[in-house]
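K.L.:
What follows is a single structure, and I will ask about it in a moment.
The values are calculated or read from the model by the stated rules, or taken from the named source; none is laboratory data. Quantities reported herein were computed from a predicted structural model and do not represent experimental measurements. When we count neighbours, we look across all protein chains shown, and the Cβ atoms used for this are built from the backbone with ideal geometry, even at glycine. Heads up: the accessible areas ignore ligands, DNA and RNA and are worked out on the full protein's heavy atoms, side chains in. Shrake-Rupley method; radii C 1.70, N 1.55, O 1.52, S 1.80 Å.
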Amino acid sequence: MEKRVYEVWKGSNKFILGGRLMFGPDARSLLVTLLLIIVPVIIFCVFVARHLRHAFSPYNAGYAILVVAIVFTIYVLILLFLTSARDPGIIPRNSHPPEEEFRYDSSVSAEIGGRQTPSLQFPRTKEVMVNGISVRVKYCDTCMLYRPPRCSHCSICNNCVERFDHHCPWVGQCIGLRNYRYFFMFVSSATLLCIYVFSMSALYIKVLKDDHRGTVWKAMKESPPSVILMVYCFISLWFVGGLTGFHLYLIGTNQTTYENFRYRADNRINVYNRGCPSNFLEVFCTKIKPSKNNFRALVQAEVSRPTLPSTREAEAEDLGGDPRSKVEDDLEIGEDLLKISQRRNIEEIDEDIRSRGSNGPPHTTLEVDSVLGSDHRAPTIRSDTRHSSWGRSGSWEIAPDVLANSTVTESRSYITPKEARQ
């Protein structure tokens, strides 16, 4: 059965509704954010806005306070949904490293099998031009691609995200190219909602004070929920309000949170800053790019790519034939050479015995066995390429360097004819 892209997704994201909605791996924190928004608004509507319906001169003008609170809360929740349930700008992974970036460096080579093979090099960085200034981009080992400018790999979602700003645990999603606008609108709208709830709660306490002609303290005692809402909104404003101000600064200077924290001490030139008006237009007035991932698409069968032959296989192809058959042929030739060398050594010893006659001491077969050294290795023999073959000349020359080596390594198993006489 064929699978869809979201079912075999290598990132840490979570999908619902058949891949139509995607969240970060910490999507459960989104429930906490929902509770922090919805619960205070419900308390406000029940204990504050409901009592303000008839507090103004037009009898039903107070209903506007209740309606605004409900509508504005729904608007904030929609922005939260658009921020956390969409692709933030994930760049699809490659199945293989980009082949066009491989290069062979002949200066760094390894000698294998008597040949120098150039070393395969892969550049870790590249230089690209942004607004006429060279910017270095890095290679991502996980996604096997060169990250575009302002792109970074999120360690939580395990994806490369375009114009990566940060990973926000409160929305359970990365903030990047495709959802930064909604993220800022959500934060700024949440700030306005806090101000609205705080102001209406304070207004209700004033109304209670005027109706009973008492003090503020007595009015606060009559409506504890209003006091709780004011304290809650005041604390929340330090977070969402401060975050709104910080991102206003980032938008005005065309920075991301990641760039601001990482490159703050480097005093780098901001190549993306095009002036405050143009920077705001870029964030709020440009068309959001479509996602590069179709999570509901069927997974295509991967076409196997031809692999480069290994060094041993390349040597076998150069020499011709199967490498296994070549080894077998070499072993057969070596056995034949060993038999010939043994036979020639026996003939030399027999001839030497006959020439000495009865004057020399008798030789037993033990001496012949010691000469052969059947349980030890035979010296390596090399054929001269100039002679033709076996039957005609029969002249096989042993290389002097082989003899020298065999004298050292085979001193316990090989005896020359002169040593046999002694």
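K.L.:
When the residues of the range 281-292 are filtered to those that are assigned to a loop (DSSP other than H, G, I, E, B) and open to solvent by 90 Å² or more (accessible area, probe 1.4 Å), which remaining residue is farthest from Ile251 (Cα to Cα)? Let's see the steps before the verdict.
P.N.:
If we filter the range 281-292 for residues that are assigned to a loop (DSSP other than H, G, I, E, B), which is where we start, we get 285-292.
Imposing the further condition that a residue be open to solvent by 90 Å² or more (accessible area, probe 1.4 Å) reduces the set to 285, 287, 289-290, 292.
On the way: Cys285: 13, Lys287: 16, Lys289: 18, Pro290: 22, Lys292: 24 Å.
My answer is Lys292.
K.L.:
Give me the pairs, please: first residue somewhere in the range 184-203 and free of Cβ contacts under 8 Å to residues at least 60 places away in the same chain, second residue anywhere and part of a helix (DSSP H, G or I) and among the β-branched types (Val, Ile, Thr), beta-carbon distance under 9 Å, and either six or more positions apart or on two chains.
P.N.:
Matching pairs, first to second residue: Ser188/Val240; Ser188/Thr244; Thr191/Val240; Thr191/Thr244; Cys194/Val240.
K.L.:
So Ser155 fits all but one of (1) among the small types (Gly, Ala, Ser); (2) closer than 13 Å to Gly24 by Cβ; (3) touching a residue at least 24 places away in the same chain (Cβ under 8 Å); what number is the exception?
P.N.:
(3)
K.L.:
Name the residue, out of Ile269, Ile251, that is surrounded by fewer than 16 Cβ atoms within 10 Å (Cβ to Cβ) and touching a residue at least 60 places away in the same chain (Cβ under 8 Å).
P.N.:
Ile269 is the lone residue from the list that is surrounded by fewer than 16 Cβ atoms within 10 Å (Cβ to Cβ) and touching a residue at least 60 places away in the same chain (Cβ under 8 Å).
K.L.:
Exactly one of (1) at pLDDT below 95; (2) closer than 20 Å to Leu35 by Cα is unmet by Leu192. Its number?
P.N.:
Result: Leu192 fails condition (1) only.
K.L.:
Can you go through Thr257, Thr286 and tell me which one is closer than 16 Å to Phe164 by Cα and hydroxyl-bearing (Ser, Thr, Tyr)?
P.N.:
Checking each option against the conditions leaves just Thr257.
K.L.:
If you don't mind, another one. Considering only residues of the range 8-35 that are free of Cβ contacts under 8 Å to residues at least 60 places away in the same chain and farther than 17 Å from Trp170 by Cβ, which is least open to solvent (accessible area, probe 1.4 Å)?
P.N.:
Here the answer is Ile16.
K.L.:
Related question: Please state which one of Ser278, Ser223 is open to solvent by less than 30 Å² (accessible area, probe 1.4 Å) and either in contact with a strand residue (DSSP E or B) (Cβ under 9 Å, 6 or more places away or on another chain) or among the hydroxyl-bearing types (Ser, Thr, Tyr) (or both).
P.N.:
Ser223
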